[in-house]
Every structure is written in structure tokens, then in C-alpha cells.
1. Set the bar at 21 Å for Cα to Cα. Now go through K222/K302; K52/K237; K56/K237; K115/K222; K99/K222 and name every pair that lies beyond it.
2. Kindly write out, for the stretch 112-117 in residue order, the coupling ³J(HN,Hα) from the Karplus curve 6.51 cos²θ - 1.76 cosθ + 1.60 (θ = phi - 60°), rounded to whole Hz, with x marking Gly and Pro.
3. Once you have a ≥ b ≥ c as the square roots of the Cα gyration tensor eigenvalues for the chain, tell me rounded if a/c is under 1.5, and otherwise prolate or oblate according to whether a/b is larger than b/c.
4. For every helix of n ≥ 4 consecutive DSSP H residues, a contribution of -39,500 (n - 2.57) applies; sum these over the chain, divide by its total residues, and give [θ] at 222 nm rounded to the nearest 500 deg cm²/dmol.
5. Under the rule a/c < 1.5 gives rounded, and otherwise a/b versus b/c splits prolate from oblate, where does the stretch 16-88 land using the Cα gyration tensor?
6. Of the cross-linked pairs K138/K160; K160/K198; K100/K162; K29/K252, which ones have a Cα-Cα span greater than 23 Å in the structure shown?
7. With a sphere of radius 13 Å drawn around the Cβ of H197, what net charge do the other residues whose Cβ falls strictly inside it have (Lys, Arg +1; Asp, Glu -1)?
8. Give the long-range amide H neighbours of G109: residues separated by 5 or more places, or on another chain, with amide H under 5 Å away, using H modelled in the peptide plane at 1.01 Å from N.
Amino acid sequence: MSTRLVALLTICASLVAVSAKAQVVTDQKATLVVGHQLFTPSWTSDVMRMTKIYKKYLPNVEVDWFSGLYGPVLVNNMIARKVHMAYIGDVPAVVLASKKASVETNFVGLCQSDKGASIAILVRKDSTIQSVRDLDGKRVATGFGSFMHRFLEVVQTREKIKFDLVNQPPEVALTNLEAGRIDADGHPAPHFGVAVHKGTGRVLTTGSAYDFQLICGIVVNKEYASQHPKVIEGWLKAEAEVHEFIRSQPDKAAELIFEAWERKIPIEVIRRDLEGALYPDEITAEHVQTLKSASDFLFRNKLIDVQPDIESWVDTRYLRAGR
């Protein structure tokens, strides 16, 4: 075991141990299955996994982690009731909200948000393309039905251009970009940062240039939450502590994520991505509007059949109870 990992595990143990008795929200015995995505900007789930801060608040809750590479995997497993809670981006979260006939869920908290720093349009480092408008009619890869897809729609509308969009996962898109089979790639952090770090890609623009807000949130199975409200309250208290940990100790948080991701993403990329994100402890009207924008996008593109009632789907009672 590396010296770095031993040091990190010591930090994790101390985080759980401090004031454990005083912090307990419930000593109820329960099992909670939490879905998360690797290599996506839902950073807090990885810090939570590594530190196990939730144990301070939920000492008798057994937590099982379900890993999925993409949002739709978590959506499908929430529908199948194999996952009780999921860390998920705004667009797949709204897809879940639209599946009320299959499973009822609620949006109960945020893990991160930003104004576009964690999304980018990437071109080859030696590409002759110098502006977004140069991509008019060009092949641009993204994940259909993602917040990146929603961003690309905003860019096309704002710039009055049209991309030839192709649906590709990030690892395929980056390979195709290097090979010249596509002209640009639109995927979130950490993928574009890896290409820049390797010297194979160049960021053409980010969501920041368009004041594009995206959020990643925590969605729970409504039936589970009604049966175990204190478990949800305790988890959200732990989530708030993780937020403060990342804000106050970003370098240590980056090291934890680096280990959680099996050292497959350069730590320099992770550090840069963490700096561009916010970790809100409240769900504001602005966040609700982002979810409504995601709903409009999905319905307009016929990716959902019915638009959910976002106002009633967002449930802040567990956040309020934990204050």
C-alpha cells in the first residue's frame, strides 16, 4: 500500500471518528444502495465513498455503492428499484422524474453546480478551427440526452449555426477526434481536461462563455425516503460536510478522487476541475430553473413523452429537517 494512500485512509478515518456520537441522526438499521458515476463531475460522491463521512450520522446504515459509467445506467437501475439514491446530472435526473408511472422519485439535494467551467467543446490541438462558428455543419460528438447535449443546443441557437451531431461516449469520441473522424468533441470534465493534459486537444470554448448553468444532484426513490426519512436527512448532513471538506481542503479532496478513480485520471486535471465547481448546500430557484430548462430540452427533442412537474418533484424537506 502506497504511503499516499495510507495517509489518505488515516484522514478518512479521522473524519468519521470526530464527534461521531454527537452527530448521529439515526441509529436505525437500514441498507441504502447509492448509485454514482465514475469519471464525471459528481465529485462529492467519490469523496463520500472514500471518507465514509455518512457513518457519523448513520452509524447503523449499510451503504452499498452501485457504479455506472453513464446517467442512463443509473436511471434504469432506479426504475428497476435496484438503487435507492443516485448522484446524477440534471438531464438524466429529469428523465427519471418523467418516469413517474414506473417509479416515483424526488430531487432532494445538490452535489455540485457550475456556470459552465466543467463542460467544453474540444478540437484537435492542430485543428484549423478557431471559433465555434467554424464548426457550422461539422461533425461534433456528444452524449445524446446529456447536459452536454443541452449545452450544444444552446450554442447552436446562440451562434445561429448547426452541428452535425453524433452520439458517442467520451472515450470513443476522444479516439475519433485524434484520428480526424470527427471535427470536435463535446463532453464534460474530466474528459476534455485529459486531452489537453496529453497535448492532443485544445479547448475551443467552455460553458462559461455562455453562462450555462448545470447541476448534479441527489435523487431518491420516494417510497424509500418515506420509509426512512432520517436516513435521507443524515445523508444530506453528511453531504454538506463533504461540501465543506472540498471547499476547505481541495488538494486533499483531489487526492481522494484520484484514488477513487484508480489513478486513471491525472491529478492535475482533477484539481483544475474541482476549482471550477460550486458545492451548494441549498436548492435555490436558480437550480430549479436549470431543471426546468433540462425538461424543456428533453421534451423538445422528444427524449421524454411527458414533462414532469419540477416544482413538486424537488423536495427540500429533508434538507430543512437536517438544519
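1. Working: K222/K302 26 Å; K52/K237 13 Å; K56/K237 10 Å; K115/K222 29 Å; K99/K222 13 Å.
Checking Cα-Cα distances, K222/K302; K115/K222 exceed 21 Å.
2. 6, 8, 7, 9, x, 5
3. Details: a/c = 2.17, a/b = 1.37, b/c = 1.58.
Oblate, because a/c is 1.5 or more while a/b does not exceed b/c.
4. Values: 15 runs with 147 residues, N = 323.
When only DSSP H runs of four or more count, the value is -13500 deg cm²/dmol.
5. Values: a/c = 3.53, a/b = 1.66, b/c = 2.12.
Judged from the Cα gyration tensor, the stretch 16-88 comes out oblate (a/c at least 1.5, b/c at or above a/b).
6. Numbers: K138/K160 14 Å; K160/K198 32 Å; K100/K162 34 Å; K29/K252 31 Å.
Among K138/K160; K160/K198; K100/K162; K29/K252, the Cα-Cα distance tops 23 Å for K160/K198; K100/K162; K29/K252.
7. Numbers: positive: K125, K198, R202, K264, R271, R272; negative: E268, D273.
The answer is +4.
8. Correct list: I218.
Any read-out appearing in this document is the output of simple, stated calculations on the displayed coordinates, not a laboratory observation. Values in this document were obtained by computation on a predicted structure and should not be read as measured data. Because the Cβ atoms are built from the backbone with ideal geometry, glycine has one as well, and the counts that use them run over all protein chains shown.
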